[in-house]
Amino acid sequence: MHRGQDDCTPATRIRFVRCRVAAIPLILLALGPIACASSDTATYRTAPSPSATASSVPSATLADLTNAARIRAGFGPLTVEPQLNIAAQLQAAQLAALQVLQHNIPDGSNPAPSDRLAAAGYAWRAYGENIASGYPSAAETVAAWMNPPGHRDNILNPAFTEIGTASAGDVTGRQYRVRVFGKPG
């Protein structure tokens, strides 16, 4: 999850600068699945990767599973927004290429979530980002995202009306999944 502001209470989660009370990345196994919340200073690295490929194929699955979780919790579904899919693909591709799991990537072509949203042409009023790596399936990724409060807050945030998702694999086959939530502005 990436979002932020001076006050991280649910009523003020509409403006995203940087949350000082960040959910800690969920590390299930050493070198196994990990999900990242707003830990911009944490970096998870493996061997350098010469190439990575991004795909929007799992996008419908991640979006469908996210909407199912929202509906079970009593919230309406999010609309898949192509521009948010592009922002998610930009992040998934650079995560896989650099083999890192972090929201802000100083060495990336689009270092911050707001850079990726701008590159995708998405004018936002609110946004959030969830990233994860190493889970074998989209269903396991979404299930893991429902556990940490920060990820769950993004999923169940009533301010968000749209979603974009993507996945990319690095040269070792490790999958990096990204979910970007938005409210157009």
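The values are calculated or read from the model by the stated rules, or taken from the named source; none is laboratory data. All values reported here derive from a predicted model rather than from experimental measurement. Here the Cβ positions follow ideal geometry from the backbone for every residue, glycine too, while neighbour counts run over all protein chains shown. In case anyone asks, the SASA skips ligands and DNA or RNA and just uses the protein heavy atoms, side chains included. Shrake-Rupley method; radii C 1.70, N 1.55, O 1.52, S 1.80 Å.
Observations
- Qualifying residue in region 77-95 (condition: assigned to a helix (DSSP H, G or I), in contact with a Lys or Arg (Cβ under 9 Å, 6 or more places away or on another chain) and of a type in the set (Val, Ile, Thr)): yes
- Scanning region 126-185 for residues that are in a strand (DSSP E or B), aliphatic (A, V, I, L, M) and closer than 19 Å to ALA92 by Cβ yields ILE131, ALA132, ILE163, ALA166, ALA168, VAL178, VAL180.
- Top-ranked residue in region 55-73 [being out of contact with any Pro (no Cβ under 8 Å at 6 or more places or on another chain) and open to solvent by 70 Å² or more (accessible area, probe 1.4 Å); ranked as modelled with the lowest pLDDT]: VAL57
- Counted residues, region 101-129 - those being closer than 19 Å to LEU62 by Cβ and in contact with a Cys (Cβ under 8 Å, 6 or more places away or on another chain): 2
- Condition met for ASN130 (open to solvent by 10 Å² or more (accessible area, probe 1.4 Å) and either closer than 16 Å to LEU65 by Cβ or of a type in the set (A, V, I, L, M, F, W, C) (or both)): no
So that you can scan it fast, the table gives a plain yes or no per residue for (1) farther than 19 Å from ASN157 by Cα; (2) at pLDDT 95 or above; (3) of a type in the set (Asp, Glu); (4) touching a helix residue (DSSP H, G or I) at 6+ places or on another chain (Cβ under 6 Å):
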| residue | (1), (2), (3), (4) |
| --- | --- |
| ILE34 | yes, no, no, no |
| ALA47 | yes, no, no, no |
| PRO77 | no, yes, no, yes |
| LEU84 | no, yes, no, no |
| LEU90 | yes, yes, no, yes |
| TRP124 | no, yes, no, yes |
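- Checked against the criterion of being open to solvent by 10 Å² or more (accessible area, probe 1.4 Å) and within 13 Å of the chain's Cα centre (by Cα), the candidates ARG152, ARG174 yield just one match: ARG152.
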